[in-house]
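*Asks:* Here it is, the structure, as structure tokens.
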Amino acid sequence: ADGADVPGARVVKESELEPADADRYWNAKTSPRIVPDPLLATEDVPEVYADGCQVGSAHDEIITCDYGDPDGDVHVVMVGDSKIVQWQPALDAIAQDEGWRLTTLARSACLFAEPVADPGDDPSRIACAEWNPDALDHLLEVRPDVVVASNGGQDEPGRADRVIRYWEQLIDAGIHVVPLLDNPAPHGIGQVYECVAENRDDLSSCSFDAAAGRELSAEATQRKAASALGVTSLVDMNPFICPGTRCPAVLGEALVYRQGSHLTKTIVDTAKQHLAAQLVPIVENRHSS
């Protein structure tokens, strides 16, 4: 089924974000339809993958792809791993509306940050350690107006410090850094789409605790780095993806998760207006903040 007319994140209003109001979304037992069908969830991905625009976990080359308005005067680069890539459909649509040139700079399973001193023998970690300085150099050479950054991965000692050291270099170069907070990570229910497929008559059994989900995400790392650098232009989409005290598996007929903690393209598409409401003013006012 086409997800274009699925309400998804649009059902959540700013006035309904108090838990007493928002908790009704995860309490729903059934949905008139579920888009995408959970059996097809893993196929509901951004076009970035078909375009070959995310570097694989075993590689370290710099690959960029342009979206939005190719002739736009404002240049926005989205940087990170698959957790920034998942937002490409909505960012692309916003960039087209606003006349921004949007560029992807992403590598699978690789935090955009100063590399660890010893990546060990794991080929993916070694490639990540080699990709990161090249990615930073590319950004410093291109000097986009704005970098929208996001990553997955739970917080751990030293992680935020590594992020800080890279973001600081971008900021010192006059590049406006906008952290897009990681979304809550499902827990205790396995793959969300599998749970939904098995519990179509009791979708609430596939919800999970929101606070724990956010603790398992990269949000804490991002907030620490932003606070240390005085970055106030954070974008938080979690109230619209996971309203209330528990995160719903299906929101406004849209399946929220496609694999692990990754969002479906459908739910991202429906969240465009909420993302634009936060991001557009930040980009427009980037020189004054």
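The values are calculated or read from the model by the stated rules, or taken from the named source; none is laboratory data. What you see is a predicted model; the values in this text were computed from it and never measured. So basically every Cβ, Gly included, is an ideal-geometry build from the backbone, and we count neighbours across all protein chains shown. Side chains included, ligands, DNA and RNA excluded: accessible areas come from the protein's heavy atoms. Shrake-Rupley method; radii C 1.70, N 1.55, O 1.52, S 1.80 Å.
*Asks:* With a Cα-only, solvent-free Debye model of region 1-156, what are the log10 I(q)/I(0) values at q = 0.17, 0.19, 0.20 Å⁻¹?
*Replies:* -1.07, -1.18, -1.23
*Asks:* Have a look at region 79-177 and give its Rg and Dmax from the Cα atoms, expressed in angstrom.
*Replies:* Calculated on Cα positions, Rg and Dmax stand at 13.9, 45 Å.
*Asks:* Using the C-alpha gyration tensor of region 240-289, what are the square roots of 5 times its eigenvalues, in whole angstrom, with the largest one first? Write down the numbers at each step before the final one.
*Replies:* On the way: eigenvalues 140, 26, 20 Å².
Rounded to whole Å, the semi-axes are 26, 11, 10.
*Asks:* Mean separation of Cα pairs under 8 Å and 6+ residues apart, divided by the residue count of region 110-223: what relative contact order is that in percent? The partial results should precede the final answer.
*Replies:* On the way: 137 pairs, mean separation 34.7, N = 114.
Reported as a whole number, the value is 30 percent.
*Asks:* List the residues, sorted by chain then number, that are 5 or more residues from VAL177 or on another chain and whose placed amide H is less than 5 Å from its amide H.
*Replies:* Amide H neighbours of VAL177: VAL147.
*Asks:* Output needed for region 146-220: three equivalent-ellipsoid semi-axes, defined as square roots of 5 times the C-alpha gyration tensor eigenvalues, in descending order, whole Å.
*Replies:* 34, 13, 8
*Asks:* Out of the DSSP beta bridges found with both residues in region 25-104, what percent are antiparallel (nearest 5)?
*Replies:* Bridges in region 25-104 that DSSP calls antiparallel: roughly 45 percent.
*Asks:* What net charge do the residues around VAL142 carry, taking every other residue with its C-beta under 14 Å from that of VAL142, with Lys and Arg at +1 and Asp and Glu at -1?
*Replies:* -3
*Asks:* Which whole-number percent of Cα pairs in region 205-289 have a distance greater than 18 Å?
*Replies:* 52 percent
*Asks:* Which whole number of Å³ per residue matches the convex hull of the alpha-carbon atoms in region 13-62?
*Replies:* About 189 Å³ per residue, rounded to a whole number.
*Asks:* How many Lys pairs in the chain lie less than 20 angstrom apart by Cα atoms, where the lysines are 8 or more positions apart or on different chains? Before the final figure, lay out each step's value.
*Replies:* Working: LYS13/LYS272; LYS83/LYS224; LYS83/LYS265; LYS83/LYS272.
Final tally of qualifying lysine pairs is 4.
*Asks:* When every alpha-carbon pair in region 198-246 is counted, what percent end up more than 17 Å apart? If you can, show how the numbers build up before the last one.
*Replies:* Details: 582 of 1176 pairs.
Here the long-distance tail beyond 17 Å is 49 percent of all Cα pairs in region 198-246.
*Asks:* Would you compute, for the Cα atoms of region 1-84, the largest minus smallest coordinate along each principal axis and list the three values in descending order, in whole Å?
*Replies:* 46, 34, 24
*Asks:* For region 270-282, what does the Karplus curve 6.51 cos²θ - 1.76 cosθ + 1.60, with θ = phi - 60°, yield as ³J(HN,Hα) per residue in whole Hz, taken in order and with x for Gly and Pro?
*Replies:* Working through the residues one at a time gives 6, 8, 3, 5, 5, 5, 4, 4, 8, 7, 4, x, 5 Hz.
*Asks:* Next question. Ignoring any ligand, DNA or RNA, what whole percent of the accessible area of region 1-101 comes from carbon and sulfur when the probe is 1.4 angstrom?
*Replies:* 46 percent
*Asks:* Select from region 57-138 those GluC sites (Glu not before Pro) which occupy a DSSP coil region and have at most 12 other Cβ atoms within 10 Å, ordered by residue number.
*Replies:* GLU61
*Asks:* Please give the per residue accessible area of the chain, computed with a probe of 1.4 Å over protein heavy atoms only, in Å².
*Replies:* For the chain, the solvent-accessible area averages 42 Å² per residue.
*Asks:* Got a sec to turn the phi values of region 231-243 into Karplus ³J(HN,Hα) couplings, 6.51 cos²θ - 1.76 cosθ + 1.60 with θ = phi - 60°, whole Hz, x for Gly and Pro?
*Replies:* 7, 9, 8, 7, 10, 10, 8, 5, x, 9, 8, 9, x
*Asks:* Given that compact globular proteins tend to follow 2.2 N^0.38 Å, what is the ratio of the alpha-carbon Rg of the chain to that value?
*Replies:* 0.97
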